[in-house]
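Before any comments, here is the structure.
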Amino acid sequence: MEDLLGQEWEIVPAGGATGEAFFARCEDQELFLKRNSSPFLAVLSAEGIVPKLVWTKRLENGDVISAQQWLEGRELKAPEMNQDRVAKLLRKIHRSKPMLGMLRRLGKVPLKPENLLEMAQSDLDAEIIALPEVQKALDFVREEAGSVQSDEQVVCHGDLNHNNWLLAENNQLYLIDWDGAMVADPAIDLGQMLYWYVPESDWDSWMAMYGKKITSHLKLRMKWYVTLQSLSSIQWNKNKGRLQEMERLIEFLAVITNHEN
């Protein structure tokens with residue numbers, strides 16, 4: 001990495017699960033470097049969804065290094081997710097034709113409910129399946145799998161945790177960490193947003209900011225996808241030994257499945 005930029009640059013790991021991201025600093029220049037990021041990054045930058053892409057370079061070994069503008073800022077706090085600018089940025093993402101076109105060119109095909117259900121079920125171990133809350137959730141997603149089909153297919157982020165929303169010092173909002181981007185029903189993102197962060201009494205007003213009226217079918221789809229995601233997250237946290245988070249998700253799953261559609 002030093003050979004790419006020169007000895008005058010200070011380069012340090014940026015953390016993260018992959019170990020493929022770095023911060024680079026030289027006098028008043030600061031960059032965020034990532035190895036082998038998706039070509040999708042260029043469209044995200046052009047659309048203003050992520051900090052500006054400065055350059056990409058291919059190394060002799062075939063790796064591609066991308067450099068983005070490094071911005072001072074902070075993650076959104078959970079209570080801030082109910083804001084107008086969050087709804088509007090998510091609307092922009094879901095309506096973006098360039099982003100959808102790029103993902104399709106990269107070979108992404110729309111994810112169907114039955115495929116997601118099959119993947120989620122296959123990941124669950126016997127101990128998790130035996131839990132009453134999980135049993136009830138599985139009954140729900142199996143029963144409603146045929147009712148949540150939708151013609152809406154957009155670019156979904158898939159992990160709208162408040163930690164992935166970056167508010168820069170210039171007050172510009174970005175959504176980062178696009179490794180799980182998919183073409184799918186927008187209810188995947190909307191369900192996370194509303195169930196995780198927005199009181200139900202505010203759902204109608206939040207959806208008005210997003211630019212869509214909430215319907216009974218959309219509510220069903222959101223509940224279905226959030227339930228499925230919760231099942232997968234329970235198993236993932238168990239596998240990682242994060243038992244406290246696993247218990248929190250089991251309680252959350254019980255709330256979801258008791259929620260009226």
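The values are calculated or read from the model by the stated rules, or taken from the named source; none is laboratory data. This is a predicted model, so every value here is computed, not measured. Here Cβ is always computed from backbone atoms with ideal geometry, including for glycine, and neighbour counts include all displayed protein chains.
Couple of notes before you dig in:
- Yes/no for Ser66 being assigned to a loop (DSSP other than H, G, I, E, B) and free of Cβ contacts under 8 Å to residues at least 60 places away in the same chain: no
Here is a yes/no grid of residues against (1) within 30 Å of Gly107 (Cβ to Cβ); (2) in contact with a His (Cβ under 7 Å, 6 or more places away or on another chain):
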| site | (1), (2) |
| --- | --- |
| Leu160 | yes, no |
| Asn171 | no, no |
| Asp177 | yes, no |
| Pro186 | yes, yes |
| Tyr195 | no, no |
| Pro199 | no, no |
| Leu218 | yes, no |
| Val226 | yes, no |
| Lys238 | no, no |
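- Restricting Asp202, Asp185, Asp179, Asp189 to those that are touching a residue at least 40 places away in the same chain (Cβ under 8 Å), touching a Cys at 6+ places or on another chain (Cβ under 6 Å), in the same structural domain as Gln121 (by TED's automatic domain parsing) and not β-branched (Val, Ile, Thr) reduces the list to Asp189.
- Set Leu243, Leu249, Leu220: member being among the aliphatic types (A, V, I, L, M), within 23 Å of Ala120 (Cα to Cα), crowded, with 21+ Cβ neighbours inside 10 Å and out of contact with any Lys or Arg (no Cβ under 7 Å at 6 or more places or on another chain): Leu249
- For the range 97-111, the criterion of being buried (at least 16 other Cβ atoms within 10 Å of the Cβ) and closer than 30 Å to Gln29 by Cβ is met by at least one residue.
- Any hit, the range 152-167, residues being among the β-branched types (Val, Ile, Thr), at pLDDT below 95 and within 30 Å of Glu47 (Cβ to Cβ): no
- If the condition is being surrounded by fewer than 17 Cβ atoms within 10 Å (Cβ to Cβ), of a type in the set (D, E, K, R) and either part of a loop (DSSP other than H, G, I, E, B) or touching a helix residue (DSSP H, G or I) at 6+ places or on another chain (Cβ under 7 Å) (or both), then the range 143-157 contributes Asp151, Glu152.
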